[in-house]
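The values are calculated or read from the model by the stated rules, or taken from the named source; none is laboratory data. Small disclaimer: the values here were computed from a predicted structure and weren't measured. Every residue, glycine among them, receives a Cβ derived from its backbone with ideal geometry; neighbour counts consider all protein chains shown. Accessible surface areas use protein heavy atoms only, side chains included; no ligands, DNA or RNA. Shrake-Rupley method; radii C 1.70, N 1.55, O 1.52, S 1.80 Å.
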Amino acid sequence: MDGGKVTVGRTAALYAGAAVLRLAIFTLLPDLPDLLTGRVEISTPVTSFKRLQEGLFLYNHNVSPYDGGVYHQAPLFLPLFSLLPNALSYPIFTYLLYIAIDLLSAGALWRIADSGEAGSSALFTSPRRERRWNGFVIAAIFLFNPFTIATCLGRSTSVFTTCAILHAIAKAVSGAPFSAMVALSFASYLSMYPLLLLPPLVLLCFDRQRPERANKSAVSFATTHVPVVLGVLGLLFGMSYLITGSWEFLSSTYGVQLTLSDLTPNVGLWWYFFIEMFDSFRSFFLAVFWLHLSCYVGGLSVRIRRQPLVVLTLLLGIFAIFKPYPSISDTSLFLAMVPLYRHVFPLMRYSFVIAAVIMYASFLGPAFYYLWIYAGSGNANFFYAITLVWGLGQSLLVCDLMFAVLRDEWELERPEMAGKEIRQI
C-alpha cells in the first residue's frame, strides 16, 4: 500500500486543497464557468446547467418547466436550486454546492479503496493485492483530475449522479445493502442508465453481507433488496408528480434518452448516426443501440462473478462510451475507479497507447468543434471523427483492464503460467 500514513491533517489538506483550487478558479476566472457550461464535452441536453436555469425560471413563475422542450432533467433539481440565491447575482452558493458534491464523491471513493474489495473479494483474492494505493491517493486522483475539475466548473448536474453511484458502491462494500439500493435509486432517478448497474451491485452487496445478517441464497437476497429500488423510485416519481403537477416529466426526462429526440452534438456515438438515419429505420436502430448498451450487464456479471466491483467498473467505462448523452463527467468517474486496480497494472498491455489516444482526443476535440461551429472551415465529420478516437481510447482502456483482471484470475488458477506470454486463438 502506497501513499504514506494518512493523518487527519493530510486528509483535511487534501479536501481543503481541492476546494480552494475550485473556488479560486471560480473567483479569479469568473467568465470560465459560463464558457465551460456551454461546451458540448461537459454539458449535454440532460445535464446542462443552462437548461437547468431555464427550467428553474419557468418553475419559479408557475409555468411547467418542461414547456418548450428545453429542460430534460429530474424535477427534484428544481426545488433544490430554488433554495439557493440566484446563480447570476450570487453564484458563490452554487459554486459551494458543486464543490461539496465533489468532496462527497471523493469521500465515497476513499471508502471503496480502503475496503480492499478491488484486490480481495469474497470469492477471489488476487496474489498481487498488496500492491495498491490507499484511499488518500485514489481520492486525490479523482479530485485533481482535469475532467473532474472541468465538470465541476461547468456545473453539470451529472456530478449528482456520480456522487450517488459512488455512494451506492461505498455502501455496498461497507455491508449496508439497503443504503446501497437507496443510493442507486437516486442515481437511476437522476440519469436512468445507473439502473443497469443493479445486477452487479446486488451481487456485491450479497458478497459483502455482515455475518450476523448473512443470507445464504443469492436469489432470496435479490428478491429482498430489488424491491427497495423499485419502491424508492416510485416514491421519487410521486414526489416529482407533486412538484410538477403532471406526469409530463417522464417523457421529457427519460423519454428523451430513450428516443434521442434531442440531437445536440456531444462526445458520444449516437447523435451523428441518428442525424443521418432515415426515419423509417430510426425505431429499429434505437432498439439496437439500447440493446447493445444493456447486453454487457448480464455477460460481465456472469463471467466475472467473483469480482462484482470489477463488473461495476467496466460497466461505468462502457456507459461512458455508449450511452446516449455521454460527457467527460462519465469518463472522470470511470477513470476514478481504474486506479483501484493498480495491482493489475503490470498486466495491462497498451497503457501508453491508451494515454496517448485519450490525450490526443482531449486536445483536438475542442479544436475540431471550433473549426466546425465557429470557423466554418470544417463540418460535422471533423468533430464526429475525433469523438470516435475518444471512444476508441476508452474502449482500449476497458478491454485492457478486463484482460488484466482475467489474466490475474487465470494465473491464480494456473500459477505455472505466471509471467508467460499468452496468445489469443
For this session: Quote the FRET efficiency, to the nearest 0.05, computed for LEU83 versus ARG10 with a Förster distance R0 of 41 Å and r equal to the Cβ-Cβ distance.
Result: 0.75
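Taking the Cβ of VAL297 as the center, what net charge do the other residues with Cβ under 14 Å away carry, scoring Lys and Arg +1 and Asp and Glu -1? Don't jump to the answer; show the numbers that get you there.
On the way: positive: ARG303, ARG305, LYS323; negative: none.
Combined, the nearby Lys, Arg, Asp and Glu give +3.
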Exercise. How far is the Cα center of the stretch 217-242 from the Cα center of the stretch 266-287, in Å?
Worked result: 32
Seminar exercise, completed: Residues other than GLY135 with Cβ under 9 Å of its Cβ, Lys/Arg counted +1 and Asp/Glu -1, net out at 0
For this session: Just the number, please: carbon plus sulfur as a percent of the accessible area of the chain, 1.4 Å probe, no ligands or DNA/RNA counted.
Result: 67
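Compare the peptides 236-243, 216-223 by average per-residue count of other Cβ atoms within 10 angstrom and give them in order, highest first. Let's see the in-between values first.
Details: 236-243: 14.6, 216-223: 12.0.
Ranking the peptides 236-243, 216-223 by packing returns 236-243, 216-223.
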Exercise. What is the set of long-range amide H partners of TRP133 at a cut-off below 5 Å, with H atoms built 1.01 Å from backbone N?
Worked result: ASP2, ARG342
Exercise. Which entries in LYS5/LYS216; LYS5/LYS420; LYS5/LYS171; LYS5/LYS323 show an alpha-carbon gap greater than 29 Å?
Worked result: LYS5/LYS216; LYS5/LYS420; LYS5/LYS323
Problem set entry | Cα centroid of the stretch 33-95 to Cα centroid of the stretch 136-186, whole Å | 21
Exercise. Roughly how many debye, to the nearest 20, is the charge dipole of the chain about its Cα centre, given +1 on each Lys and Arg Cβ, -1 on each Asp and Glu Cβ, and no other charges?
Worked result: 1060
Exercise. Ranked from highest to lowest mean number of other Cβ atoms within 10 Å per residue, what is the order of the peptides 157-166, 108-117?
Worked result: 157-166, 108-117
For this session: Per DSSP H run of n ≥ 4, the term is -39500 (n - 2.57); total these for the chain, divide by its residue number, and report the mean residue ellipticity at 222 nm rounded to 500 deg cm²/dmol.
Result: -20500 deg cm²/dmol
Seminar exercise, completed: A student applying the Cα gyration tensor rule (rounded when a/c is under 1.5; otherwise prolate if a/b is larger than b/c, oblate if not) would label the chain rounded
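Where only protein heavy atoms count, and the probe is 1.4 Å, what is the accessible area per residue for the stretch 8-417 in Å²?
Details: 17070 Å² over 410 residues.
The answer is 42 Å² per residue.
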For this session: Scan the stretch 210-316 for GluC sites (Glu not before Pro) in coil per DSSP, keeping those whose Cβ has at most 12 other Cβ atoms within 10 Å, and list them by number.
Result: GLU276
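Could you work out the local net charge near SER174, counting Lys and Arg as +1, Asp and Glu as -1, over the other residues with Cβ closer than 9 Å to its Cβ? Let's see the in-between values first.
On the way: positive: ARG111, LYS171, ARG208; negative: none.
The answer is +3.
Which loop GluC sites (Glu not before Pro) in the stretch 315-421, with loop taken from DSSP, have no more than 10 other Cβ atoms within 10 angstrom of their Cβ? The partial results should precede the final answer.
On the way: sites: GLU409, GLU411, GLU413, GLU416, GLU421; in loops: GLU421.
Passing sites in the stretch 315-421 are GLU421.
I need the peptides 120-132, 78-90 ranked by packing, meaning the mean over residues of other C-beta atoms within 10 angstrom, with the highest value on top. Walk me through the numbers on the way to the answer.
Details: 120-132: 16.5, 78-90: 13.1.
For the peptides 120-132, 78-90, the packing ranking is 120-132, 78-90.
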Seminar exercise, completed: Whole-Å distance linking the alpha carbon centroid of the stretch 328-346 with that of the stretch 195-212 is 21
